[in-house]
Amino acid sequence: MARNGFFGVKNAHVARFTDEDTFEYEKPIHIPGTVEIKIEPSIEQATSYGDNEPWLDKYQDNGGSITWSLYDIESTPELRELLADINGFDIDEKGRVLATSGKTPKPFAFMCEQPGHAVGKRRCIYKCTSKPASVDAKTLEDKPDITQIDYELTFRPVTLPTGWRGCYIDTYSDIADYDKFFEQVDTAAKPKTEAA
């Protein structure tokens, strides 16, 4: 019996919305140098009581948060423009990133891949927003200290044009079109229908 174990992370992509109402996205852009991705779902459950027993249970998916640690999102003008846009910043005439105050960050889909022992997994989180990165830079010592950039992302549930509501989809390397996953954001996801 094959046993899968997922390991590592690679192929991080960002796809900005072109239209949030109809769930249209730009072509996903590959972001090199991902070190780590930590995903924390935010699921709340509340119970109300009546007649000395649990009366109602309410389950609510609030999305969650992601810490995206990487080494490179600034090495090209295109990546710097993407960085500015998703953080609500601007680019000036010289190509510098301006940390503009009060401008709304642009939501985007976040995509990545985890290779596996038996089967690989790719995930698309449909609607994320980013806060500016935290950086820990320090002086050189006896060994090189390579600066890692940490972005805090928030994601929320969405309702796709198909009517399905959720936060993300996972696909696996033994499913059709796995090799085309990063070509576009798939907004046709929905539960399979039961046989009559």
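Bear in mind these aren't lab numbers, they're just calculated from the coordinates by the rules spelled out. Bear in mind the structure is a predicted one, so any value in this text is a computation, not a measurement. Counting neighbours? That spans all protein chains shown, and the Cβs are built from the backbone with ideal geometry, glycine included.
For each pair in K121/K190; K121/K143; K103/K192; K106/K143; K121/K192; K10/K138, compute the distance between the two Cα atoms and list the pairs where it is over 29 Å.
Numbers: K121/K190 18 Å; K121/K143 35 Å; K103/K192 40 Å; K106/K143 38 Å; K121/K192 20 Å; K10/K138 27 Å.
Flagged as over cut-off: K121/K143; K103/K192; K106/K143.
Remark: spin-label model distance L56-E20 equals 2.9 nm, labels positioned 7 Å along the Cα→Cβ axis.
With a Förster radius of 35 Å applied to the beta-carbon distance between D174 and K131, the computed FRET efficiency rounds to 0.45. Using a simple spin-label model with pseudo-atoms 7 Å out from Cα toward Cβ, K138 and E93 lie 4.2 nm apart.
So if I place +1 on the C-beta of Lys and Arg and -1 on the C-beta of Asp and Glu, and nothing else carries charge, what would the dipole magnitude of the chain be about its Cα centre? I want it in debye, nearest 20. Mind showing how you got there, number by number?
Values: 23 positive and 34 negative charges, 40 e Å.
Magnitude of the dipole: close to 200 debye.
Spin-label pair S65-T162: with each label point 7 Å from Cα along the Cα-Cβ axis, the two points sit 3.1 nm from one another.
Rounded to the nearest 10 degrees, the angle from helix 77-87 to the longest Cα principal axis of the chain is 50 degrees. Across the chain, the longest run free of exposed loop sites, meaning chymotrypsin sites (Phe, Trp or Tyr not before Pro) lying outside DSSP classes H, G, I, E and B with no more than 15 other Cβ atoms within 10 Å, spans 72-163. Pairwise Cα distances in the chain exceed 23 Å in 53 percent of cases. Here the contact order of the stretch 7-149, divided by its residue count and restricted to Cα pairs under 8 Å and six or more residues apart, works out to 23 percent. Potential lengthening of the chain between K38 and S75 amounts to 11.0 nm, from the contour at 0.36 nm per residue minus the alpha-carbon distance.
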